[in-house]
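Step one of this worksheet: look at the structure below.
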Amino acid sequence: MKVPLADLRKQYLQLKPQIDSAIQQVIDSSQFILGKAVADFEGAFAAMHQVRHCVAAGSGTDALHLALWGLGIGNGDEVITTPFTFIATVEAISLTGATPVFVDIDAKTFNIDPGRLDALLAASKGRKFRAIIPVHLYGQPAAMDEISSLARKQDMVIVEDACQAHAAKYRGVFVGNFGSAACFSFYPGKNLGAYGEAGAVVSNDDDLAGKLRALRDHGQVEKYRHAVSGHNYRMDGLQGAVLGAKLPYLDRWTERRRSIAASYTRELGGVGDLVLPFEMPQAYHVYHLYVVRTKRRSGLQKFLGDRDIATAIAYPIPLHFQEAYRHLGYRKGDFPVSEAAAEECLALPVFAEMTDDQVACVIENVKAFFG
Ligand SMILES: *Cc1c(COP(=O)(O)O)cnc(C)c1O
């Protein structure tokens, strides 16, 4: 049985009338950039996360850069994140002119380790970190209690990278409420995906939201009046329309992802040397990815691939090993937990349109591999 990592076509066919009509309305209105469809989506997305503002952007990467830029982070600043994330988190820091500083992850959650963060801060007296970007990796919020209290003590701003964590919660509170800003990606394969590039920043800070609105549109505060020098980080009207049509289904898609994850966790416990995802009791994990660990990763991946079951490695190379970030001067052994995770992690298929038969097929084949 073929099991892909996502089935965007099947999702489209389920919502075809709504999506087609939303797209047609944008074409009829000729509002191809921002416009009503984007403004409506911003309102709905902010309401869903119980935040005051949503500023739509061209991609998750744009959103991250925009948030840091709007917060005044730039040359000479240091910004903390982990080396075990998608490269965009760190590119956004570099784009502002600031320097990324890595802290290793926790082996169980794959998110930034608050103990190691505390140790770095304690060992860096006199050094001024301007910001921290906790990444809610795979859909599980980072340890926001500990991170918030450390950030407060150091006067660091928090920018959540929620690109994989749409509508995830921590202690019952939606992501997007734990920092100055939070950034989302609507890359087609994300839990809420556009039909092209799209992203957004959410914030409860009125001032910051105003700045971000100007910056994303060439610093315009009204037509051809540019208060600051900005950029073009606007969302397309068509993407706003597609996202607006899909948003009402996000909750049920998330529930389906969680129920597939629960089936895996129930059935695969104790199989071979598999380490299954750990859900923090405070977290409502939205399972963008269901990531297991095994010392036999390449064998398992090949075995499943030969049986038409797709898997993914997120991420095979920690960022301190990337050529692009060699100049940071980190070495092998600096972040041992990230280095081990990169060798052992494997994402099994989880997507809302997955059938029970496909879930059973994955479970059966993983068990068969470990004999
Ligand atoms: C997808 C992703 C991004 C970047 O989003 P794009 O929309 O692809 O630019 C940033 N951070 C993380 C953790 C992501 O998963």
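Each value in this text was obtained by applying a stated rule to the coordinates, not by laboratory testing. Since the structure is predicted, the reported quantities are computational estimates derived from the model, not experimental observations. So basically every Cβ, Gly included, is an ideal-geometry build from the backbone, and we count neighbours across all protein chains shown.
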field: Estimated inter-spin distance, Asp207 and Asp357, nm [label 7 Å along Cα→Cβ]
entry: 5.9 nm
query: Given the Cα-Cα distance of Ser298 and Ala324 and 0.36 nm per residue of separation, how much length would full extension add, in nm?
result: 6.8 nm
task: Rounded to the nearest Å, what's the spacing between the alpha carbon centres of the stretch 332-354 and the stretch 85-138? Just the number, please.
output: 18 Å
field: Residue among Thr82, Thr61, Thr109 with the largest mean-square fluctuation in a Gaussian network model of the chain, springs linking Cα atoms under 10 Å
entry: Thr109
- line: Residue-normalised 222 nm signal for the chain, counting each DSSP H run of n ≥ 4 as -39,500 (n - 2.57), nearest 500 deg cm²/dmol, is -13000 deg cm²/dmol
Binned Cα-Cα distance frequencies in the stretch 250-370 - 10 Å width, integer %: 12, 40, 30, 15, 2
statement: The aspartates and glutamates whose Cα lies under 13 Å from the Cα of Lys36, excluding any fewer than 8 residues away in the same chain, are Asp28, Asp236
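Have a look at the DSSP beta bridges in the chain and tell me what percent are antiparallel, nearest 5.
Working: 24 of 38 bridges.
Once the DSSP bridges in the chain are tallied, antiparallel ones form about 65 percent.
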Alpha carbon centroid spacing (whole Å) that separates the stretch 145-220 from the stretch 256-291: 25 Å
message: Given a Förster distance of 30 Å, report the FRET efficiency between Asp273 and Asp308 from their Cβ-Cβ distance, rounded to the nearest 0.05.
response: 0.80
statement: Rounded to two decimals, the Rg over Rh value of the stretch 45-86 from Cα coordinates and the Kirkwood Rh reads 1.03
query: Along the three principal axes, how long is the chain when you take its alpha carbons, biggest first, rounded to the nearest angstrom?
result: 68, 58, 37
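Calculate the FRET efficiency for Gln154 and Arg266 from the Cβ-Cβ distance with a Förster distance of 35 Å, rounded to the nearest 0.05. The partial results should precede the final answer.
Values: r = 41 Å, r/R0 = 1.18.
Efficiency, rounded to the nearest 0.05: 0.25.
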field: Extended-chain gain in nm, criterion 0.36 nm per residue less alpha-carbon gap, Ser259 and Ala340
entry: 26.3 nm
- prompt: Please identify the chymotrypsin sites (Phe, Trp or Tyr not before Pro) of the stretch 165-252 that satisfy two criteria: DSSP loop assignment and at most 11 other Cβ atoms within 10 Å. Which are they?
  reply: Tyr224
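If you take the beta carbon distance between Arg127 and Asp28 as r and set R0 to 56 Å, what does 1/(1 + (r/R0)^6) give as a FRET efficiency, to the nearest 0.05? Walk me through the intermediate numbers first.
On the way: r = 56 Å, r/R0 = 0.99.
E between Arg127 and Asp28, to the nearest 0.05, is 0.50.
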field: Restricting the stretch 1-87 to trypsin sites (Lys or Arg not before Pro) in coil, as DSSP defines it, with at most 10 other Cβ within 10 Å
entry: Lys2
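In the structure displayed, which of Lys190/Lys211; Lys246/Lys295; Lys153/Lys211; Lys108/Lys128; Lys2/Lys190 lie more than 31 Å apart, Cα to Cα?
Working: Lys190/Lys211 27 Å; Lys246/Lys295 38 Å; Lys153/Lys211 26 Å; Lys108/Lys128 29 Å; Lys2/Lys190 21 Å.
Too far apart for the 31 Å limit: Lys246/Lys295.
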